[in-house]
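Peer 1: Please see the structure below; I have some questions.
The values are calculated or read from the model by the stated rules, or taken from the named source; none is laboratory data. The structure presented is a predicted model; accordingly, all values stated were derived computationally and were not measured. Here the Cβ positions follow ideal geometry from the backbone for every residue, glycine too, while neighbour counts run over all protein chains shown.
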Amino acid sequence: MLIQAGYRKEVPLIDPMCGSGTFALEAAMMARSVPAGWYRKFAFMNWPAFRPGQWRQIRREATGNFRPGHGATIFAFDREDTAVRTLRTCIVTHGFDDTVHVERADFFSLSAQQVGENVGLVVLNPPYGRRMGAAGQKSEHYAAVCEKLTHDFRNWRFAIIAPPGAMPKGFAEIQSTHRLLHGGLRLMLYVGRIP
């Protein structure tokens with residue numbers, strides 16, 4: 001999703017409803033040139049021919065391509081204290097605390113100025129599906145999110161995951177859409193620029 005949104009490490013990224021922090025963590029890995037899957041275990045590690053020493057050597061060589069962090073350019077916010085604490089722990093554990101700033105804040109109280117003067121990319125995965133209740137509530141929620149973006153994030157790029165048709169008509173300049181299937185729900189990734 002970040003690649004489809006045109007994320008570049010030089011540009012500030014805000015995830016104002018970060019939850020578990022997937023976008024912030026992926027952006028940090030991209031910014032620091034950490035390969036996807038770096039922190040996971042693979043099935044081939046259980047093969048009889050797997051050689052742990054050779055694997056450690058390959059990983060040691062790969063770390064030479066990692067870039068150091070140069071100050072926080074990735075900002076993750078959530079209104080839930082538990083989500084913020086959990087993400088902070090994960091960020092520190094993986095050594096991204098010099099790249100990602102995590103803070104407890106409600107999306108509707110944030111502004112672009114809180115992360116500096118530069119225009120950047122705002123990524124959102126707002127609540128949808130059963131978490132939002134009736135269809136009218138969903139429409140109102142997405143309208144409020146888009147109004148907030150239009151008011152406080154002018155000229156920023158955006159990437160928003162939402163159900164098909166959830167984005168209010170006339171919101172921003174949508175440059176591309178991508179179909180997603182997440183948790184059995186059909187969703188869209190909307191990418192564009194806020195006027």
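Peer 1: So Ala172 ticks every box in (1) at pLDDT 90 or above; (2) buried (at least 19 other Cβ atoms within 10 Å of the Cβ) but one. Which box is left unticked?
Peer 2: Every condition holds for Ala172 apart from (1).
Peer 1: How many residues, within the stretch 85-106, are crowded, with 18+ Cβ neighbours inside 10 Å, in contact with a strand residue (DSSP E or B) (Cβ under 7 Å, 6 or more places away or on another chain) and touching a residue at least 40 places away in the same chain (Cβ under 8 Å)?
Peer 2: Of the residues in that region, 5 qualify.
Peer 1: Can you find a residue in the stretch 161-172 that is out of contact with any strand residue (DSSP E or B) (no Cβ under 7 Å at 6 or more places or on another chain), under 28 Å from Asp81 (Cβ atoms) and among the basic types (Lys, Arg)?
Peer 2: Within the stretch 161-172, not a single residue is out of contact with any strand residue (DSSP E or B) (no Cβ under 7 Å at 6 or more places or on another chain), under 28 Å from Asp81 (Cβ atoms) and among the basic types (Lys, Arg).
A quick yes/no check of all residues on (1) of a type in the set (Lys, Arg); (2) loosely packed, with under 10 Cβ neighbours inside 10 Å:
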| residue | (1), (2) |
| --- | --- |
| Met29 | no, no |
| Ser33 | no, no |
| Trp38 | no, no |
| Pro48 | no, yes |
| Trp55 | no, no |
| Arg60 | yes, yes |
| Gly64 | no, yes |
| Gly69 | no, no |
| Thr82 | no, yes |
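Peer 1: While we're looking at this one, here's another question. Which condition number does Phe44 fail, the rest of (1) touching a strand residue (DSSP E or B) at 6+ places or on another chain (Cβ under 9 Å); (2) farther than 24 Å from Met188 by Cα; (3) assigned to a helix (DSSP H, G or I) being met?
Peer 2: Phe44 satisfies all of (1) touching a strand residue (DSSP E or B) at 6+ places or on another chain (Cβ under 9 Å); (2) farther than 24 Å from Met188 by Cα; (3) assigned to a helix (DSSP H, G or I) except (1).
Peer 1: Considering only the stretch 107-123, state which residues are buried (at least 18 other Cβ atoms within 10 Å of the Cβ), over 13 Å from the mean Cα position of the chain (by Cα) and of a type in the set (A, V, I, L, M).
Peer 2: Once the filter is applied, which keeps residues that are buried (at least 18 other Cβ atoms within 10 Å of the Cβ), over 13 Å from the mean Cα position of the chain (by Cα) and of a type in the set (A, V, I, L, M), the stretch 107-123 yields Leu110, Ala112, Val115.
Peer 1: Scan the stretch 7-20 residue by residue and report those that are assigned to a loop (DSSP other than H, G, I, E, B), touching a strand residue (DSSP E or B) at 6+ places or on another chain (Cβ under 8 Å) and more than 21 Å from Pro68 (Cα to Cα).
Peer 2: Across the stretch 7-20, the qualifying residues are Pro16, Met17, Cys18, Gly19.
Peer 1: Same structure, new question: Within the stretch 75-83, does at least one residue satisfy the condition of being out of contact with any Pro (no Cβ under 9 Å at 6 or more places or on another chain) and farther than 27 Å from Met188 by Cα?
Peer 2: There is at least one residue in the stretch 75-83 that is out of contact with any Pro (no Cβ under 9 Å at 6 or more places or on another chain) and farther than 27 Å from Met188 by Cα.
Peer 1: Moving on. Pull up the stretch 130-140, narrow it to residues that are assigned to a helix (DSSP H, G or I) and farther than 23 Å from Ala24 by Cα, then point me to the one that is modelled with the highest pLDDT.
Peer 2: Here the residue is Glu140.
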